[in-house]
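Undergrad: Below you will find the structure I want to go over with you.
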Amino acid sequence: MTRATLRFTLSLAILWPALAILAAPPQESPEAIVCRGTSGEGFSYKWGGECWCRDGCAPDLANCSPGQCTPNPGSSGCPDCTHQGTYGADCSGFVSKAWQVPNPRPVEACNVDRYRAVNFTSNHSYWNVIPMSSLRPGDATASSTHVILIIGHANSHGAHEVVEAKGCNYGIVRQVRNFSSAYSGARRVNLVECECAPGEEESRPCGDCGSQHRQCMEDCRWSPWSFCEGPDPTGAEAECTAEGELGACADGRLLCVAGWLTCQPGTPTTEVCDGVDNDCDGIVDNGTPESMGEGYDCTTEDRMGLTQCIDGELVCVEIEDPDPDPDPDPDPDPDPDPDPGSNGDEPAQMMMEIDALGVGCSCGVSESKSPLWGLALLLLGLWGYSRRTARASYLSE
Ligand SMILES: [Ca+2]
Ligand SMILES: [Ca+2]
């Protein structure tokens, strides 16, 4: 098979699927085309190939081998070349996939329908030929033998940043270059105006402490705004009073909830003895004995006691003895009237009776008293009588 026959056969094989399957390219932005194109950088040039792996707008060389193109002995390159590896693309396969023509295909899909370079030099239902001076990102420029994806605007020298499957010894490269007069421009159809540049981010404030974010997606459209949220003031350490909450639950923390400053109530906890309404039922220190630590044995001033929560503090309260010990040395005979036969306290009793009854009155004296006591009482009576007689005589004179 001659080289010309080989080229014709390969071209027919390449064109056949494209002729058999015709579908419009997707509605998308030029930036989406550029994103797809930049993801091919670094993969190998593969004659007849049109697939690579991407991670967003970047090549995924970690998960996909870029392949290796080697010119056969005596040749300068493809199509007389050998390729090792699954992934890689030639120039027209690369632009066909970047443009998603004739059908939308993942860049990872190999052996799918595509076009040849020369196809891009004339009008087509999927693209229009444009002046080279009008080239902008997302367009292509093609000669009869090569096609290149434009990813940048013309610089002051008329050069553009491009991505192209440059050749067997180069692979797919990204560079800035000019074009000879052999090239013409082409712009794909079904392009939509961009809302934003893919990857661009935007944010705006919301509520009184929050913010929202959105990102420009690959299709050149903004993603929906994110949920409104923000950081808690002073790291959620700012204190506040939670309205309608009782006890410890009223001691709140100022948080940013859904973008609004909110006093988050405290959490009820087990009631303990601390002078605080821990369980938030409106009553201070009303827990169970177990939770309060009450009713346990303790000692205070060498007396046994029980723990008790008083004014927020656990104290040891002495136990009161309900049946105190009787007098250890009780009077065995508590009768207040001593034995009348005893002589021991007779004088004292007698004197008391005298003072109470007055002089001359001896009633109540015990008959058992000594006769000397009777004589003494008689003498005392006589002395009193003589005194009263003498006083009466004096008053009558
Ligand atoms: Ca309580
Ligand atoms: Ca408490």
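The values are calculated or read from the model by the stated rules, or taken from the named source; none is laboratory data. All of these numbers come straight from a predicted model, not from anything done at the bench. Here the Cβ positions follow ideal geometry from the backbone for every residue, glycine too, while neighbour counts run over all protein chains shown.
Undergrad: Against the definition (at pLDDT below 95, more than 16 Å from ligand 1 (Cβ to nearest atom), more than 30 Å from GLU202 (Cα to Cα) and part of a strand (DSSP E or B)), how does THR307 come out, yes or no?
TA: no
Undergrad: So is GLY287 at pLDDT 95 or above, under 26 Å from GLY244 (Cα atoms) and assigned to a loop (DSSP other than H, G, I, E, B) or not?
TA: So GLY287 fits the description; yes.
Undergrad: Within region 57-86, track down each residue that is hydroxyl-bearing (Ser, Thr, Tyr) and touching a strand residue (DSSP E or B) at 6+ places or on another chain (Cβ under 8 Å).
TA: THR70, SER75, THR82, THR86
Undergrad: State all residues of region 263-279 that are more than 30 Å from the chain's Cα centre (by Cα) and buried (at least 17 other Cβ atoms within 10 Å of the Cβ); if no residue qualifies, say none.
TA: Correct list: CYS273 only.
Undergrad: Return the residue satisfying two criteria in turn: it lies in region 285-299 and is within 15 Å of ligand 1 (Cβ to nearest atom) and of a type in the set (Ser, Thr, Tyr), and of such residues it is nearest to CYS228 (Cα to Cα).
TA: The extreme case among them is SER291.
Undergrad: State whether one or more residues within region 280-297 are free of Cβ contacts under 8 Å to residues at least 24 places away in the same chain, under 31 Å from the mean Cα position of the chain (by Cα) and more than 13 Å from ligand 2 (Cβ to nearest atom).
TA: Taking every residue of region 280-297 in turn, none turns out to be free of Cβ contacts under 8 Å to residues at least 24 places away in the same chain, under 31 Å from the mean Cα position of the chain (by Cα) and more than 13 Å from ligand 2 (Cβ to nearest atom).
Undergrad: Within region 199-247, restricting attention to residues that are closer than 30 Å to VAL272 by Cα and over 22 Å from the mean Cα position of the chain (by Cα), which residue is surrounded by the most Cβ atoms within 10 Å (Cβ to Cβ)?
TA: GLY247
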